[in-house]
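Below: one structure, written as structure tokens.
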Amino acid sequence: MGIFDSVKSMLGGSGGSSGGRIDIQKRFTLERTAFTGTMAKFVVAKDHAHGGRLVGIKILDPEKVELFESRFRHLKKPSEGEIALKMHHPNVVETYEIGVSTKGDPILIMEFVAGPSMQNIIVQKQEHHVAGKRLMLIRSMCEALKYVHNQGYIHRDICPRNFILLPESTDVKLIDFGLTLPATPPFMVPGNRTGTPLYMSPEIVRRRPTDKRVDLFSLGVTFYCLIAFCHPWQGDVVSGRAALHHDTSPPKPLADVCPNVDPSLARGVMQLMQPKVEERTPTIEHFIQRIAKVESAYKDGAPSPQLG
């Protein structure tokens, strides 16, 4: 089922819609374009159908969406909007409404999170955002992924760009379900090589069968970057070819890059990034248990963990 079919039954005539479609110019005051990507652009706006609240509008490229959805035409795949509407968790962005604009573009209307992305923090080495908070941020990111997995989905694009840090907080919000798939056998077959190459698991790169552990690999790379402010694999980190190193060149151990990092946490992050699926941390719950032990050790009087 494509996204156009998915929203037909959800389109209403209120709040600035025209003929069952959402008139963006009529309903919203557009503040700014936050980003423009390959499949969508994201704008910040005031929603006058809901008291002028500040929202984010994700405007999808119909052709790009249809190209991606066509891979699953023989399956009952939920659209990005359908998946996003099901997500209700403090660490996952809330989607309020999905529909089609008067121009024919699929759109998602969601809460606007004002903080920086973890990607910006890492690339710009903004230590002031994460100093003394890394363990709590890691826990928050784990809780977000745990929720998605418990809902029966594989996110498939876990990376720093898709975690937004809430202002003056140690909480994050996971965003972007554009590549998310149900965690069921028909969607785990080889061939769907999509994601962000620098964080992509070897089984996706090599077109092998997948499961929820693809997200764990990506999460491990994200944690490594957050702690060390550098990527596990040095060298070609610009093009998609970088992903080919993920099962051919072992990354430098996190403990060597950051000698002061808690040893148990460093080992846990490295286990998340194991190229062989059978040697990788099996579930997000297993990693959360490790985090809990690290947290408990320091609550019991040990010195505060040094993370980077």
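Applying a threshold of 9 Å to beta carbon distances and a minimum spacing of six or more residues, or different chains, the list of pairs starting in the range 123-143 at a residue that is among the basic types (Lys, Arg) and ending at one that is in a loop (DSSP other than H, G, I, E, B) and crowded, with 19+ Cβ neighbours inside 10 Å reads 133/307; 134/307.
So, residue 168, is that one among the acidic types (Asp, Glu) and either without any contact (Cβ under 8 Å) to a residue 40 or more places away in the chain or in the same structural domain as residue 83 (by TED's automatic domain parsing) (or both) or not?
In short, yes.
The set of residues in the range 218-236 that are in contact (Cβ under 8 Å) with a residue 40 or more places away in the chain and outside any helix (DSSP H, G or I) comprises 229, 232. Answer yes or no as to whether residue 215 is modelled with pLDDT of 95 or more and either surrounded by 16 or more Cβ atoms within 10 Å (Cβ to Cβ) or assigned to a loop (DSSP other than H, G, I, E, B) (or both). So residue 215 passes the test. Contact map, the range 57-69: residues that are assigned by TED's automatic domain parsing to the domain that holds residue 37 paired with residues that are among the small types (Gly, Ala, Ser) and part of a loop (DSSP other than H, G, I, E, B), Cβ distance under 6 Å, separation 6+ or inter-chain. Pairs shown: 69/2. Among the residues of the range 184-211, the ones that are crowded, with 19+ Cβ neighbours inside 10 Å and assigned to a loop (DSSP other than H, G, I, E, B) come to 5 in all.
Total residues in the range 240-271 satisfying the condition of being aliphatic (A, V, I, L, M), assigned to a helix (DSSP H, G or I) and farther than 20 Å from residue 193 by Cα: the figure is 7. Residues that are of a type outside the set (D, E, K, R), within 17 Å of residue 95 (Cα to Cα) and outside any loop (DSSP other than H, G, I, E, B) within the range 106-149 comprise 106, 107, 108, 109, 110, 144, 145, 147, 148, listed in sequence order. In the range 75-103, of all residues being of a type in the set (Gly, Ala, Ser) and touching a Lys or Arg at 6+ places or on another chain (Cβ under 8 Å), the one that is nearest to residue 228 (Cα to Cα) corresponds to 99. A Cβ distance below 7 Å, combined with a sequence gap of six or more or placement on separate chains, defines the contacts here; from the range 29-47, residues that are surrounded by 12 or more Cβ atoms within 10 Å (Cβ to Cβ) reach residues that are of a type in the set (Asp, Glu) in the pairs 39/61; 40/61; 44/31; 45/31; 46/31. Considering only residues in the range 23-46 that are touching a Leu at 6+ places or on another chain (Cβ under 8 Å) and closer than 18 Å to residue 94 by Cβ, the one that is modelled with the lowest pLDDT turns out to be 40.
The values are calculated or read from the model by the stated rules, or taken from the named source; none is laboratory data. Model, not experiment: these values are computed from the prediction. Here the Cβ is made from the backbone with ideal geometry for all residues, glycine too, and neighbour counts use every protein chain on show.
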